[in-house]
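Undergrad: Have a look at the structure that comes next, please.
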Amino acid sequence: MKIKYEFLTGETVEIEAPDSVVEVSIEIDRAIYKNDRREKRRHNSIEALAEHGIQIADCSNEIAATVEAKETHEVLHKALDILIPKQRELIRKVFFEGRSISEVARAEGIDESSVRERLSRIYKKLKNILK
């Protein structure tokens, strides 16, 4: 049986070899091919992906914004925990449930200006806490 070698220069050489040597050569070539495929499957370089038109998004800004939003969220919740229960309830109704000031005033049987004043005091208190 013949073994065919192709050099980088493009030169091709065929060598006559016993069948057992050819079988071993084929097994080695197949093992090298499988190993190369396995490595390529596990390790895709960014350059190789770019050559195929695949772009990887730079999400570092998104990560920073997410972390900042989470920290702001935590600080705000800690500040809300400092408020008295009635103040927290008013904030919940207006901001989390989306009720209008007039709805809250009607439900509590008070004037709208009273609800606005309470909210104003809460804003000032939160502003002092968050400084």
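The values are calculated or read from the model by the stated rules, or taken from the named source; none is laboratory data. The structure displayed is predicted, hence computed values, not measured ones. Glycine gets a Cβ as well: all are built from the backbone with ideal geometry, and neighbour counts include every protein chain shown.
Undergrad: Here is a list of conditions, (1) in the same structural domain as GLU108 (by TED's automatic domain parsing); (2) modelled with pLDDT of 85 or more, and ILE28 meets all of them except one; can you say which number that is?
TA: Tallying (1) in the same structural domain as GLU108 (by TED's automatic domain parsing); (2) modelled with pLDDT of 85 or more, ILE28 fails exactly one: (1).
Undergrad: Mind counting the residues in region 16-33 that are acidic (Asp, Glu) and surrounded by 10 or more Cβ atoms within 10 Å (Cβ to Cβ)?
TA: Here the count works out to 3.
Undergrad: Answer yes or no as to whether ASP58 is loosely packed, with under 12 Cβ neighbours inside 10 Å, at pLDDT below 85 and either under 30 Å from LYS2 (Cα atoms) or among the charged types (D, E, K, R) (or both).
TA: Judged against the criteria, ASP58 is a match.
One line per residue, one yes/no per condition, for (1) modelled with pLDDT of 90 or more; (2) of a type outside the set (Lys, Arg):
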residue: GLU74; (1), (2): no, yes
residue: ALA107; (1), (2): yes, yes
residue: ASP111; (1), (2): yes, yes
residue: VAL115; (1), (2): yes, yes
residue: LYS125; (1), (2): yes, no
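Undergrad: Residue by residue through region 90-102, note down the ones that are in contact with a helix residue (DSSP H, G or I) (Cβ under 8 Å, 6 or more places away or on another chain), in a helix (DSSP H, G or I), of a type outside the set (A, V, I, L, M) and within 26 Å of HIS73 (Cβ to Cβ).
TA: Passing the criteria: only LYS93.
Undergrad: Could I ask something else about it? Could you tell me whether any residue of region 72-83 is under 30 Å from ILE129 (Cα atoms) and among the polar types (S, T, N, Q)?
TA: Checked region 72-83: at least one residue is under 30 Å from ILE129 (Cα atoms) and among the polar types (S, T, N, Q).
Undergrad: Moving on. Given (1) modelled with pLDDT of 80 or more; (2) part of a loop (DSSP other than H, G, I, E, B); (3) among the charged types (D, E, K, R), where does LYS86 come up short, assuming only one miss?
TA: In the conditions (1) modelled with pLDDT of 80 or more; (2) part of a loop (DSSP other than H, G, I, E, B); (3) among the charged types (D, E, K, R), LYS86 misses (2) alone.
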